[in-house]
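Contents: one structure, followed by commentary.
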Amino acid sequence: MTTGASTLSAPGAVPVVRRARDKTFALKLPSIGLLLVWSIVPLVMTLWYSLQRYNLLSPGERGFVGFDNYTFLLTDPGLATAIWNTLLLVGSVLVVTIAAGTLLAVLFDQEFFGRGVARVLLIAPFFVMPTVSALIWKNLLMHPVNGLFAFLLKSVGLQTIDWFADLPLTAIAIIVAWQWLPFATLILLTAIQALDPERKEAARMDGAGPISMFVFIILPHLGRAISVVIMIELLFLLSIFAEIFVTTSGGPGNASTNLPFLIYRYALLDFDVGGASAGGVLAIVLANIVAIFLMRFLSRTIEA
Amino acid sequence: MHTLKWLLAAFASVVASAAFAQTQLNIATVNNSDMIIMQRLSKEFEAAHPDIKLNWVVLEENVLRERVTTDIATKGGSFDVLTIGTYEAPIWGKKDWLVPFDDLPASYDVDGLIKPIRDGLSANGKLYALPFYGESSFTFYRKDLFDQVGAQPPKTYAELDQVLPKLKAAAKGVYPLCLRGKPGWGENMAYFDTLVNTMGGRWFDEKWEPQLTTPAWKKALTWYVDNMKKYGPPGASSNGHNENRALFATGKCALWIDATSAAGYISNPKDSQVADKVAYAVAPTGTVPNGAQWLWSWALGIPASTKHVQEAKAFVEWATSKDYIQLVAKSDGWTVVPPGTRTWTYEQPEYLQAAPFAKLTLQAIQQADPIHSSALPIPYTGVQFVGIPEFQAIGTYVGQQVAAALVGKESVAKALELSQAFTKRTMQRAGYYKK
């Protein structure tokens with residue numbers, strides 16, 4: 001592990017660290033063990049069930065079936081739609097939250113009257129439970145008869161939109177973006193506040209206007225914060241479920257079924273434990289592929 | 001000091017209640033109006049049985065199904081009393097997942113249960129759930145609007161086609177046709193299955209081959225989509241039974257084909273603005289009379305995993321007894337008593353007088369025939385469902401496709417093709433074609 005050069009440059013330092021690590025390892029063991037059990041046991045069980053024929057409604061017919069569940073899943077005509085919907089949902093919400101979040105962060109960095117209150121209000125949506133906010137959007141805002149949007153459209157003489165029937169994925173993306181916008185704004189705002197005022201001053205002295213200030217000073221500075229937002233949001237957005245469950249139930253047809261909802265359909269509407277586990281394994285694989293690409297991309301931007 | 005006193009008091013009360021040994025019964029039920037009344041009146045049961053405490057879990061129909069099925073299939077034991085229907089009771093009874101009701105007291109008068117309902121809840125000659133209410137389907141229509149356009153309630157879908165444009169022209173702010181659109185095998189599919197049946201269709205042929213792309217299905221779905229678009233309310237794809245009931249009760253619908261059990265609510269002036277304007281008629285028929293009206297009962301069953309069989313039985317027998325019906329009559333009026341379970345109810349002069357829909361309900365239930373629900377030969381029983389475990393998955397999926405066709409996300413042909421493919425796959429996976 002240790003190269004000769006490093007031993008030379010700091011004689012004795014590395015072995016000391018080593019010894020300390022050996023001593024404390026026993027103390028760390030319980031938590032590491034717990035973490036392993038926590039993550040490995042469910043994974044192994046999912047893998048195991050994905051090779052089993054196991055439907056809750058016919059418990060008598062359990063048994064090993066090899067890769068039957070995977071064949072069944074991969075030939076599901078709804079699978080491609082579900083994966084596409086997942087990517088579409090994640091992508092659109094990321095774009096919206098980061099674009100709007102950056103603008104809001106710049107805005108909230110300015111001094112204005114009532115900024116403290118405005119900041120609290122801005123963060124509020126993040127603390128509303130997904131099911132609750134989905135219900136509010138569904139029944140109070142987007143409802144085609146009683147909703148606020150329908151009222152506004154009608155009052156200017158336009159046709160009302162039946163959001164969850166005509167634009168289900170867009171409607172869900174709007175709800176989710178509304179929930180995640182505060183998070184993006186918050187992270188980006190703290191990043192902007194960490195910007196060295198002297199740099200801003202120097203730029204201003206060089207004659208930079210607000211737009212070139214934003215493009216050449218603030219945006220490059222935000223690069224790292226934006227990567228963090230992308231990574232954290234991605235983790236949560238890949239598993240959007242509550243909003244879909246409450247509003248469209250994945251419909252109409254398969255129009256708003258994403259991968260988590262497809263797995264839910266296998267598990268709790270078809271009661272097919274084997275098929276649902278195979279879906280879970282597929283989701284893990286896909287999430288890891290996305291994660292690998294992202295990590296590479298991020299490590300490059302952070303180093304740069 | 002104060003804290004200490006509080007703690008002591010709390011401790012004492014815990015000890016006292018433990019000494020009392022109260023049994024807690026967890027009851028899962030659906031959020032229909034009759035169950036809401038039951039929940040309210042159950043105080044009387046608790047008063048009569050101080051050793052039993054009832055915990056209610058009231059859920060929307062689709063969620064209830066999911067929770068209850070998962071619980072019973074995994075022997076989770078979260079519930080002591082389940083609200084299930086004529087679909088679940090025989091299937092689960094055959095698997096011994098439910099406690100049979102074979103020691104009912106004579107006072108319960110089990111032979112007084114209406115026969116098709118009792119048969120629907122039995123398997124192998126044993127009764128596995130007691131009916132809380134029973135229903136078929138029929139037509140609700142606004143007498144005032146029909147008089148205004150000079151029309152009779154439609155006996156057939158051809159007659160319905162004639163009357164809808166007249167209603168649309170005559171009635172401002174009233175949608176001529178309300179039907180279920182919310183996806184779910186117990187929601188939009190319940191109505192849609194009756195439409196398929198009476199248009200001469202069936203789910204499966206004798207070899208369990210799905211028949212969803214046959215002309216009868218195309219005809220039914222085309223009629224449904226076209227007429228709901230032209231004459232239905234906006235957002236119809238999210239209207240289930242309860243949403244349509246609210247629309248009709250607030251005077252927004254001229255004609256509605258749905259569960260007979262909603263008639264009590266619609267005829268009750270306390271809940272409904274159209275109580276004096278509504279009238280009832282037999283559900284319209286298409287090319288064949290078979291299966292135009294469904295048969296359903298929401299019933300109370302006891303999972304075999306419960307530890308409190310005796311207490312659960314006491315509650316279920318109370319909630320489905322004649323005494324309970326009389327209790328509802330006394331507190332809420334005869335109009336809203338749980339219908340369709342006992343012939344005795346239909347012999348009460350007060351009920352016949354208070355409920356203009358009573359005779360028609362009884363007639364519809366007695367005429368519904370789950371064995372011959374299609375004009376063609378079928379290997380299954382059930383009017384608005386197929387009595388096999390796989391049907392929940394199939395019905396849910398097909399319900400989604402029907403809703404997609406309704407909102408125009410998919411064409412009729414495409415929706416039926418996808419449904420056919422899903423049904424075939426599911427049946428194949430379940431091993432129906434092994435031989």
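The values are calculated or read from the model by the stated rules, or taken from the named source; none is laboratory data. These figures come from a predicted structure and were not determined experimentally. FYI the Cβ positions are ideal-geometry reconstructions off the backbone, even for glycines, and counts take in every protein chain you see.
Name every residue in segment B:391-435 that is outside any helix (DSSP H, G or I) and crowded, with 17+ Cβ neighbours inside 10 Å, in order of residue number.
Filtering segment B:391-435 down to residues outside any helix (DSSP H, G or I) leaves B:407-411, B:430-435.
Correct list: B:V407, B:K409, B:E410, B:A430, B:Y432.
Out of the residues in segment A:220-279 that are in contact with a Gly (Cβ under 8 Å, 6 or more places away or on another chain), away from chain B (no Cβ under 11 Å) and of a type in the set (V, I, T), state the one that is nearest to B:F391 (Cα to Cα).
Going through the qualifying residues, I end up with A:I263.
Quick one: A:F72 ticks every box in (1) over 30 Å from B:A415 (Cβ atoms); (2) buried (at least 18 other Cβ atoms within 10 Å of the Cβ) bar one, so which box is it?
(1)
In segment B:405-423, is there at least one residue being more than 18 Å from the chain's Cα centre (by Cα), at negative phi, acidic (D, E) and within 14 Å of chain A (Cβ to nearest Cβ)? Please lay out each step first, then the result.
Within segment B:405-423, the first condition is being more than 18 Å from the chain's Cα centre (by Cα), and the residues that meet it are B:405-423.
Now drop any that are not at negative phi, which leaves B:405-407, B:409-423.
Subsequent filtering for residues that are acidic (D, E) retains B:410, B:417.
Filter once more, keeping what is within 14 Å of chain A (Cβ to nearest Cβ): B:410, B:417.
Checked segment B:405-423: at least one residue is more than 18 Å from the chain's Cα centre (by Cα), at negative phi, acidic (D, E) and within 14 Å of chain A (Cβ to nearest Cβ).
Give me the helices (runs of 4 or more DSSP H) completely within segment A:65-143, filtered to those with at least 1 residues that are small (G, A, S), ordered by residue number. Can you show your working first?
Working: elements: A:68-74, A:77-109, A:115-123, A:130-136.
Filter on segment A:65-143 gives A:77-109, A:115-123, A:130-136.
Quick one: which of A:L238, A:L195, A:L219, A:L188 is of a type outside the set (G, A, S) and either under 17 Å from A:A134 (Cα atoms) or buried (at least 22 other Cβ atoms within 10 Å of the Cβ) (or both)? Spell out how you get there, then give the answer.
Details: A:L238 fails: either under 17 Å from A:A134 (Cα atoms) or buried (at least 22 other Cβ atoms within 10 Å of the Cβ) (or both); A:L195 fails: either under 17 Å from A:A134 (Cα atoms) or buried (at least 22 other Cβ atoms within 10 Å of the Cβ) (or both); A:L219 fails: either under 17 Å from A:A134 (Cα atoms) or buried (at least 22 other Cβ atoms within 10 Å of the Cβ) (or both).
Only one candidate passes the filter, namely A:L188.
Six or more apart or on different chains, Cβ atoms under 9 Å: show the pairs whose first residue is in segment A:47-61 and more than 13 Å from chain B (Cβ to nearest Cβ) and whose second is surrounded by fewer than 16 Cβ atoms within 10 Å (Cβ to Cβ).
A:S50/A:F67; A:L51/A:F64; A:L51/A:G66; A:L51/A:F67; A:Q52/A:R62; A:Q52/A:G63; A:Q52/A:F64
I'd like to know if segment B:355-362 contains one or more residues that are touching a helix residue (DSSP H, G or I) at 6+ places or on another chain (Cβ under 8 Å), of a type in the set (F, W, Y) and not in a helix (DSSP H, G or I).
Yes, segment B:355-362 has at least one match.
Going residue by residue through segment B:121-135, is there one that turns out to be in contact with a strand residue (DSSP E or B) (Cβ under 7 Å, 6 or more places away or on another chain) and assigned to a helix (DSSP H, G or I)?
Going residue by residue through segment B:121-135, those that are in contact with a strand residue (DSSP E or B) (Cβ under 7 Å, 6 or more places away or on another chain) are B:121, B:128-135.
Cutting the leftovers down to assigned to a helix (DSSP H, G or I) gives us none.
No, the conditions are met nowhere in segment B:121-135.
Could you check segment A:102-129 and list, in sequence order, the residues that are closer than 22 Å to A:A171 by Cα and touching a Phe, Trp or Tyr at 6+ places or on another chain (Cβ under 8 Å)?
Hits for segment A:102-129 are A:L122, A:P125, A:F126.
Assess whether B:A220 counts as being over 20 Å from B:V412 (Cβ atoms), under 23 Å from the mean Cα position of the chain (by Cα) and not assigned by TED's automatic domain parsing to the domain that holds B:S33.
Numbers: over 20 Å from B:V412 (Cβ atoms): no; under 23 Å from the mean Cα position of the chain (by Cα): yes; not assigned by TED's automatic domain parsing to the domain that holds B:S33: yes.
Spelling it out, it is not the case that B:A220 is over 20 Å from B:V412 (Cβ atoms), under 23 Å from the mean Cα position of the chain (by Cα) and not assigned by TED's automatic domain parsing to the domain that holds B:S33.
Can you name the strands (runs of 3 or more DSSP E) wholly within segment B:223-325 that have at least 1 residues being within 14 Å of chain A (Cβ to nearest Cβ)?
Numbers: elements: B:253-259, B:278-282, B:295-301.
Qualifying strands (runs of 3 or more DSSP E): B:253-259.
Would you point out the residue of segment A:128-149, among those that are of a type outside the set (A, V, I, L, M) and closer than 21 Å to A:L181 by Cα, that is surrounded by the most Cβ atoms within 10 Å (Cβ to Cβ)?
A:W137
Assuming B:F391 fulfils every condition listed in (1) over 21 Å from the mean Cα position of the chain (by Cα); (2) touching a residue at least 40 places away in the same chain (Cβ under 8 Å); (3) within 14 Å of chain A (Cβ to nearest Cβ) apart from one, which condition is it?
(1)
Look through segment A:75-91, keep the residues that are of a type in the set (V, I, T) and within 14 Å of chain B (Cβ to nearest Cβ), and return whichever of them is surrounded by the fewest Cβ atoms within 10 Å (Cβ to Cβ). Can you show your working first?
To start, the set of residues in segment A:75-91 that are of a type in the set (V, I, T) comprises A:75, A:81, A:83, A:86, A:90.
If we keep only those that are within 14 Å of chain B (Cβ to nearest Cβ) too, we end up with A:75, A:81.
Values: A:T75: 9, A:T81: 17.
My answer is A:T75.
Just to check your reading of the model, which residue among B:A123, B:A170 is under 22 Å from the mean Cα position of the chain (by Cα) and surrounded by fewer than 22 Cβ atoms within 10 Å (Cβ to Cβ)?
On the way: B:A170 fails: under 22 Å from the mean Cα position of the chain (by Cα).
Matching residue, one of B:A123, B:A170: B:A123.
So, B:V383, is that one among the β-branched types (V, I, T) and within 12 Å of chain A (Cβ to nearest Cβ) or not?
Working: among the β-branched types (V, I, T): yes; within 12 Å of chain A (Cβ to nearest Cβ): no.
No: the conditions fail for B:V383.
Please tell me if B:A368 is in contact with a strand residue (DSSP E or B) (Cβ under 6 Å, 6 or more places away or on another chain) and at pLDDT below 95. Before you say what the answer is, go through the steps one by one.
Details: in contact with a strand residue (DSSP E or B) (Cβ under 6 Å, 6 or more places away or on another chain): yes; at pLDDT below 95: yes.
So B:A368 passes the test.
Being of a type outside the set (D, E, K, R) and modelled with pLDDT of 90 or more narrows it down to one residue among A:A165, A:A203, A:A208, A:A191; which is it? Talk me through it step by step, then tell me what you get.
Values: A:A165 fails: modelled with pLDDT of 90 or more; A:A203 fails: modelled with pLDDT of 90 or more; A:A208 fails: modelled with pLDDT of 90 or more.
A:A191 is the lone residue from the list that is of a type outside the set (D, E, K, R) and modelled with pLDDT of 90 or more.
Among residues belonging to segment B:238-275 that are β-branched (V, I, T) and within 14 Å of the chain's Cα centre (by Cα), point out the one that is surrounded by the most Cβ atoms within 10 Å (Cβ to Cβ).
Step one: list which residues in segment B:238-275 are β-branched (V, I, T), which gives B:250, B:257, B:260, B:266, B:274.
Imposing the further condition that a residue be within 14 Å of the chain's Cα centre (by Cα) reduces the set to B:257, B:260.
Working: B:I257: 24, B:T260: 28.
It comes out as B:T260.
Looking only at segment B:394-404, how many residues end up being in contact (Cβ under 8 Å) with a residue 60 or more places away in the chain, facing another protein chain (nearest Cβ under 8 Å) and among the aliphatic types (A, V, I, L, M)?
First pass over segment B:394-404, keeping only residues in contact (Cβ under 8 Å) with a residue 60 or more places away in the chain: B:394-396, B:398-400, B:402-403.
With facing another protein chain (nearest Cβ under 8 Å) added as a condition, the list becomes B:396, B:400, B:403.
Still in the running and among the aliphatic types (A, V, I, L, M): B:403.
Summing the residues that are in contact (Cβ under 8 Å) with a residue 60 or more places away in the chain, facing another protein chain (nearest Cβ under 8 Å) and among the aliphatic types (A, V, I, L, M) in segment B:394-404 gives 1.
Please determine whether any residue of segment B:61-69 is within 20 Å of B:F132 (Cα to Cα), buried (at least 19 other Cβ atoms within 10 Å of the Cβ), away from every other protein chain (no Cβ under 14 Å) and in contact (Cβ under 8 Å) with a residue 40 or more places away in the chain.
No, every residue in segment B:61-69 fails to be within 20 Å of B:F132 (Cα to Cα), buried (at least 19 other Cβ atoms within 10 Å of the Cβ), away from every other protein chain (no Cβ under 14 Å) and in contact (Cβ under 8 Å) with a residue 40 or more places away in the chain.
Considering only segment B:328-347, I want to know if a residue exists there that is crowded, with 17+ Cβ neighbours inside 10 Å, of a type in the set (G, A, S), in a helix (DSSP H, G or I) and assigned by TED's automatic domain parsing to the domain that holds B:P116.
yes
Being free of Cβ contacts under 8 Å to residues at least 40 places away in the same chain and assigned to a helix (DSSP H, G or I) is the filter here; which residues of segment B:70-92 pass it?
So in segment B:70-92, the residues free of Cβ contacts under 8 Å to residues at least 40 places away in the same chain come out as B:70, B:73-74.
Result: B:T70, B:A73.
Looking at B:A190, B:A171, B:A123 in this structure, which one is among the aliphatic types (A, V, I, L, M), touching a residue at least 60 places away in the same chain (Cβ under 8 Å) and closer than 30 Å to B:W318 by Cα?
On the way: B:A171 fails: closer than 30 Å to B:W318 by Cα; B:A123 fails: touching a residue at least 60 places away in the same chain (Cβ under 8 Å).
One residue alone meets the criteria, B:A190.
Can you name the number of the only condition in (1) of a type in the set (D, E); (2) outside any loop (DSSP other than H, G, I, E, B); (3) over 22 Å from the mean Cα position of the chain (by Cα) that B:E206 fails?
Exception for B:E206: condition (2).
Quick check on this structure: which one of A:P182, A:P125 is more than 23 Å from A:G253 (Cα to Cα) and buried (at least 18 other Cβ atoms within 10 Å of the Cβ)?
Values: A:P125 fails: buried (at least 18 other Cβ atoms within 10 Å of the Cβ).
Result: A:P182 is the single residue among A:P182, A:P125 that is more than 23 Å from A:G253 (Cα to Cα) and buried (at least 18 other Cβ atoms within 10 Å of the Cβ).
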